[in-house]
Every structure is written in C-alpha cells, then in structure tokens.
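Chemist: This is the structure I have questions about; it appears just below.
The values are calculated or read from the model by the stated rules, or taken from the named source; none is laboratory data. Computed from a prediction, not measured in an experiment: that's the story for all the values here. All Cβ positions, glycine included, derive from the backbone under ideal geometry; neighbour counts span all protein chains shown. What goes into the accessible areas is simple: the full protein's heavy atoms, side chains included, and nothing from ligands, DNA or RNA. Shrake-Rupley method; radii C 1.70, N 1.55, O 1.52, S 1.80 Å.
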Amino acid sequence: MRTDVTQKTGALLAPAQAPSGVGYGPSSLQSAYNLPSASGGAGQTVAIVDAYDDPNAVADLAAYRTAWGLPACDGSTGAGCLTKVNQNGAASPLPTASGTTGWATEESLDIDMVSAICPNCRILLVEANSPTTADLGTTVNSAVGLGAKYVTNSYGGSEYAGETSADSAYYNHPGVVITASAGDSGYGVEFPAASPHVVAVGGTSLSAASTGRGWAESAWSGTGSGCSAFEPKPAWQTDSGCGSRTNNDVSAVADPATGVAVYDSYDQHGWLEVGGTSASSPIIASVYALAGTPAAGSYPASSLYAHASALNDVTTGSDGSCSPAYLCTAQAGYDGPTGLGTPNGLTAFGEGTPPLIAVLDGNGTVHAKQGGLSAGWVTETSGISQVAVASDPVNGPLIGVLRTDGNFYAKEGGLSAGWVLETTGVAQIAVASDPVNGPLIGVLGTNGNFYAKEGSLSAGWVLETTGVAQISVASDRTHGALLAVLGTNGNVYAKQGGLSAGWVLETTAKTQVDVASDPVNGALIAVLDGSGNVYAKEGGVSAGWVLEAGGISHVAVASDAANGPLIAVLATNGSVYAKDGGLSAGWVLETTGQKQIAVASDPAFGPLIAVLDNSNNVYAKEGGLSAGWVLEANGQVQVSVAG
C-alpha cells in the first residue's frame, strides 16, 4: 500500500460527503473498466485477508458508501454488508487492534475497493493475528472454508526457498479466485503473488483521456513483476523469456499519484488518496465476483489467457530494468508489469460469453449475430425451416439449421465457421453445449425417432428412442447432458448423464417440453399440457412437479450458476411473462402481442430474452426482467438465442 502523495486537508472535513480531488471513486473506476457494477455480484462474497483488527471498519464502510451514493448494507440479503471474523473463522475473539501498524488503512482500502467495484457483494473481513506467512495463510484457508469464492490478499514479501510448501498449504484452492498484490517496490517478484495458483495483480497509472474508452493507462513504475525463482510455470502461461512462473497475470490502477479515495477514521482521520497493488488486488477480485462463480476445479487465472483480447492492453511504462525487457516493460500483448492488461467488462473473468442470436426470416434465410444487442447481423445460410443455437466460453457458438429438404447442417466456432452436413430426414433439431462436455445435438427424424450425439460435429449419432413428437436438450459441466422427449402419446421422458443413461417417465398428457441445466441449480424441466398449464421442476428427474402458470401456449427455460433459473411463457393472448430465481419467484408481464419466445442466460451477461411479435418483428433484451426491449429485426418467422 502506498500513501506517499500530498494529501488534501479538505478531505478531513466531511466523512459522509464524497471528496473532490482525493482519488477515484466508484463511478470513475466502474467507467474505466467498463463494469456492470449496479446489476452484478448479488449473492457473491468477497473475502479480504489482512492482519490485526480495524475497530472502525464497519462504520468507515458505511461512511464510504453513503458518501459515494452506494446502497447501504442490506440486512436481508447481505449486499454491501461487512462481517468480521478472526483467522480461524470465528466471530470472536478478534485480533488486537492494528494500532500504528498501518493495517487499518490497508483494511479500509480493501473494503472500499470491493464496495466500489461490486456494491452488491457481501464482504467478509478475515483478520489474522499477525502478518506472518502462517497466520495470513491460515486466514486464507478460513475464508475459503467459510464459502468465499473470491479472496484478496494485499500483502507480500520476498521470495524464499520454502515458499512452494506454503503455497500448497495456503493458496492452492481450485474453484476459488485468490488474488495477490504484485508488490509496490518496482521490478522484482513477491510471494504469494508468485504462486501459480493465484491471480498475480500488477499496477497501472490511470488517467482520463480523450479517447473512445475515455481513459488511458500505463505500467506503474512501482509495481512488482518478473520471473519467479522457485515457482513452476502454470500451463496457461506461454511467454518464452521465463521458464518458471511469470508475474503478473492482470493489472488495475495502483499509482498513488492517480490513486483511489479511501475513508479511514482509525489512523488516518478521514479521507485520503491511496495507491499500490494493495488497491489493484481487491479491484480484480471484485471484478471476478461480478463475472460469476468460477468453475469447480478451475484456476481462474486461466480464463484471462483464454480471453486476452477482452482486456485493455497496456503498452507503455516500465517498473525497472531487466532482460528480457518484457518482464519489466509494458508492450503489446503480455508483459510483466501489467500482465495481459486491465479489465474491459467481464468476458475475461468468468464463464460468460457474448450472446448469440439467430433469426429465420420469411425467405428461409438465417441471420445471426454475436456480442449482444449492439452487434451486427450476418447472413448465415438459406433454404432453412428451423434454427437452434448454443454457446459456451470454451467451445464457442454452435448453430444448427434444418433445411426445407429435411437435411440438418451445423457449425461450430462462430459466425465465420463453415457448415457441415450432419444428417438427413430430420423434422426437428435442438442443441446445447458446455465447457466440459462440449456440444450436445439432438434431432427428431421424420420417422419419429430421436437421435442424439455428444462431443462435437465429428461424433457419431446414437438412436435414443422412438415414437417421439418433440425433443429438448441441455448440458452443463457438472451434471452432463439432460435430454427430454415428448412421445407421440403425450408422455414426457427425460434422462440425465449423457447418451448412456436410462430414460425416466416424467409426466403424461403434455404437448410441449423444454429443459435447462446449470452446475449450481441442477436440471430445470418445464412442460406444457393440453389445457395450457405449465408445470416445472428443479433438481433433476427425481424432483417433483410444480404448477407454474395457466393459459399458456409456449414455454422456454434457461438457467445459469449466477442468475439461477429463468422461465418465460407465452400466454394464449399473446402476452409474455417471465420470472427469475426459480420456481418460488413471481411472474412479471414482459410484453404483449407476441407469438414466439426464446430465452438464454449466462453468468456474465445475465438473462437474454427475445420475442417474435405478430408482425414478425424480433425484439430482444439483456440484463434481466427490468431491462428494456430493443427492436432487433423484422420480417422474421423464428428466433433462437444462446448466451
């Protein structure tokens, strides 16, 4: 942590008023890094690891949030609330007060940065008895044990020969984001940032600029970086000038001359401007929290390397002299001081991928677009009677089309990929995909037989069942494939676990079925019966059915680990109703005069809903039930979405 800038005395006068000229506040940081902070992070807990107790932490957080217009602590949800525990995870006894050690200012900085980036997050402050490796490491383990998926560590020290043992004991937590500050003394590597299991966070100088972004960044001269003397290189790092772990992975503002505003009444008497990679570490941890829960068993730093183009590349500045030069000097692409760059939205930090929307027009031509509602449409292929899409961050988009001649074509890898003839004599198609299991494709033959395949376009088809009138498929990394079919007799059968699983009779006398699944909430199945009633169930094929809505002609479902289930129904009067959050949530009237709906959801972008109205116009909306509708295309006859 660095406070070595001339402080403004006026900042001491108004604790509940945002200071002027005393560092960046939440709105500036959110703008600089293109973050959806107002809508993201609900239900997530960011843990802060520090030493000693800050007796004023709760009151100072309230002052910071009030001053910057952030919502107050919500006691019912925990959003914006701070909980303090000791290094063993207990509420008492807390460590001794920080006194003149400076750790209270560090804690205020960390708490305020989490609030600035993720105001809807819960904050868990875990206080170590002392700033030793053993005590701080024990504190990390306790934070993870209490369920935090994001743990920030704004401390570090010189590397030492036995650090790999401490790394294994305290910092190796697959499926959890562990961020660590790179250091504030210029070129050189510190531990625990050197750990290949953590996200090593460097620092930048941030200033407003007359550019499209509105901001400019350069490598901060004080950030740590370099080549570890002891830690092995993680698989996702491919730079050639260091055979071991290279610091850093990513960066954010840290220069105290372009620092952040912090409120600390314990040993700083009010507002001050603070910098150091102690600021950038909690910033990055909170960006991950906005992006959604990391995949089980993953090391979240790897997502940065898989989506490097989704970061702001920092190409100027240096933190010292070294060879090869990229270890201490910013350049295009990867470099030591800034890693792969700074946040530009959430794509590089989570499981989310840009939305994929495809529409079928009245001439049998499919048009598709990626990247959200502002992206442009691309003509994909013609002579089509049906289209289905899916997408995930590892395999990319999967688009399947059914031609008017009954042939099924599919393509993987985005709008520029080529089409592959998959099979002939098809009456209906459905597709799904997830990062672990890959694509899942199901087709309904003109003979009423259902065929499915897993594992991309080169996989072989398997006859699944016969006497089928409709199909629906979904897949996720934890539960695997979920298939549901509507028999010609009106019975719905479903199976989980891939093509080798057995079918289960789910319910009878139905006319439509749709399914979704995610790693946290499990399977979601919804059916429409002959009386226009929608029934749904969560938790797999053994769960019980719940009557959801009546007077319905169409149902669509989606689910993801961050946002939970999304159910949308088309009433017989043309009104669309939708609900977030599972079967206990309430329905919201979304729009009227529609004849078809499609929904998708992902952890980064949230729900995506598209409707086809009676005039063949397609409207879509992102970001949940409170978002506004956008006219996407007209003269269409079908719509399909993935996210």
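Chemist: Can you tell me which residue within region 413-428, out of those that are among the small types (Gly, Ala, Ser) and within 20 Å of VAL485 (Cβ to Cβ), is nearest to the chain's Cα centre (by Cα)? Before you say what the answer is, go through the steps one by one.
Modeler: We begin by selecting, within region 413-428, every residue among the small types (Gly, Ala, Ser); these are 413-414, 416-418, 425, 427.
Then keep just the ones that are within 20 Å of VAL485 (Cβ to Cβ); that gives 425, 427.
Numbers: GLY425: 39, ALA427: 36 Å.
It comes out as ALA427.
Chemist: At least 3 residues that are at pLDDT below 95, in contact with an Asp or Glu (Cβ under 9 Å, 6 or more places away or on another chain) and open to solvent by less than 10 Å² (accessible area, probe 1.4 Å) in each: list the strands (runs of 3 or more DSSP E) lying fully within region 250-304 that qualify.
Modeler: Numbers: elements: 250-253, 260-264, 270-274.
It comes to 270-274.
Chemist: If you don't mind, there's one more thing I want to ask. If SER31 passes every condition in (1) within 22 Å of the chain's Cα centre (by Cα); (2) in a loop (DSSP other than H, G, I, E, B); (3) at pLDDT 95 or above but one, which one does it miss?
Modeler: Of (1) within 22 Å of the chain's Cα centre (by Cα); (2) in a loop (DSSP other than H, G, I, E, B); (3) at pLDDT 95 or above, only one is false for SER31: (2).
Chemist: Within region 383-408, work out how many residues are more than 30 Å from the chain's Cα centre (by Cα) and either in a loop (DSSP other than H, G, I, E, B) or at pLDDT 85 or above (or both). Lay out the reasoning, then the answer.
Modeler: Here is the first cut: in region 383-408, the ones more than 30 Å from the chain's Cα centre (by Cα) are 383-386, 402-408.
Those left that are additionally either in a loop (DSSP other than H, G, I, E, B) or at pLDDT 85 or above (or both): 383-386, 402-407.
Total satisfying the criteria: 10.
Chemist: Select from region 506-550 the residues that are part of a strand (DSSP E or B) and closer than 12 Å to ALA474 by Cβ and list them in ascending order.
Modeler: Let us first name the residues in region 506-550 that are part of a strand (DSSP E or B), namely 506-507, 510-518, 522-529, 534-538, 546-549.
Passing the criteria: VAL513, ASP514, VAL515, ALA516, SER517, ASP518, GLY522, ALA523, LEU524, ILE525, ALA526.
Chemist: ASP529: of a type in the set (Asp, Glu) and more than 21 Å from the chain's Cα centre (by Cα), yes or no?
Modeler: Numbers: of a type in the set (Asp, Glu): yes; more than 21 Å from the chain's Cα centre (by Cα): yes.
It is true that ASP529 is of a type in the set (Asp, Glu) and more than 21 Å from the chain's Cα centre (by Cα).
Chemist: Among the residues of region 42-71, write down those that are assigned to a loop (DSSP other than H, G, I, E, B) and either open to solvent by 10 Å² or more (accessible area, probe 1.4 Å) or touching a Pro at 6+ places or on another chain (Cβ under 7 Å) (or both). Please lay out each step first, then the result.
Modeler: At the first step, the residues of region 42-71 found to be assigned to a loop (DSSP other than H, G, I, E, B) are 42-44, 52, 54-56, 68-71.
Result: ALA42, GLY43, GLN44, TYR52, PRO55, ASN56, TRP68, GLY69, LEU70, PRO71.
Chemist: From the list ALA134, ALA104, ALA128, which residue is hydrophobic (A, V, I, L, M, F, W, C), more than 26 Å from the chain's Cα centre (by Cα) and either open to solvent by 10 Å² or more (accessible area, probe 1.4 Å) or modelled with pLDDT under 95 (or both)?
Modeler: Working: ALA104 fails: either open to solvent by 10 Å² or more (accessible area, probe 1.4 Å) or modelled with pLDDT under 95 (or both); ALA128 fails: either open to solvent by 10 Å² or more (accessible area, probe 1.4 Å) or modelled with pLDDT under 95 (or both).
ALA134 is the lone residue from the list that is hydrophobic (A, V, I, L, M, F, W, C), more than 26 Å from the chain's Cα centre (by Cα) and either open to solvent by 10 Å² or more (accessible area, probe 1.4 Å) or modelled with pLDDT under 95 (or both).
Chemist: If you don't mind, another one. How many residues does region 18-41 contain that are farther than 22 Å from ALA208 by Cβ and open to solvent by 40 Å² or more (accessible area, probe 1.4 Å)?
Modeler: First, the residues of region 18-41 that are farther than 22 Å from ALA208 by Cβ: 39-41.
Pick out the ones that are also open to solvent by 40 Å² or more (accessible area, probe 1.4 Å) and you get 39.
Selection size over region 18-41: 1.
Chemist: Among the candidates THR204, THR152, THR164, single out the residue that is out of contact with any Gly (no Cβ under 8 Å at 6 or more places or on another chain), open to solvent by less than 40 Å² (accessible area, probe 1.4 Å) and modelled with pLDDT of 95 or more.
Modeler: Values: THR204 fails: out of contact with any Gly (no Cβ under 8 Å at 6 or more places or on another chain); THR164 fails: open to solvent by less than 40 Å² (accessible area, probe 1.4 Å).
Being out of contact with any Gly (no Cβ under 8 Å at 6 or more places or on another chain), open to solvent by less than 40 Å² (accessible area, probe 1.4 Å) and modelled with pLDDT of 95 or more holds for just one of THR204, THR152, THR164, which is THR152.
Chemist: Which residues, counting only those in region 305-321, are open to solvent by 40 Å² or more (accessible area, probe 1.4 Å) and either in a loop (DSSP other than H, G, I, E, B) or more than 23 Å from VAL253 (Cβ to Cβ) (or both)?
Modeler: Of everything in region 305-321, those that are open to solvent by 40 Å² or more (accessible area, probe 1.4 Å) and either in a loop (DSSP other than H, G, I, E, B) or more than 23 Å from VAL253 (Cβ to Cβ) (or both) turn out to be ALA306, ASP313, THR315, THR316, SER321.
Chemist: Do the conditions hold for ALA568, that is, is it in contact (Cβ under 8 Å) with a residue 60 or more places away in the chain, touching an Asp or Glu at 6+ places or on another chain (Cβ under 9 Å) and assigned to a strand (DSSP E or B)? Show your work before the answer.
Modeler: Numbers: in contact (Cβ under 8 Å) with a residue 60 or more places away in the chain: no; touching an Asp or Glu at 6+ places or on another chain (Cβ under 9 Å): yes; assigned to a strand (DSSP E or B): yes.
Judged against the criteria, ALA568 is not a match.
Chemist: While we're looking at this one, here's another question. Please enumerate the residues belonging to region 326-363 that are at pLDDT 80 or above, open to solvent by 10 Å² or more (accessible area, probe 1.4 Å) and either assigned to a helix (DSSP H, G or I) or under 30 Å from TYR409 (Cα atoms) (or both).
Modeler: TYR326, ASP361, GLY362, ASN363
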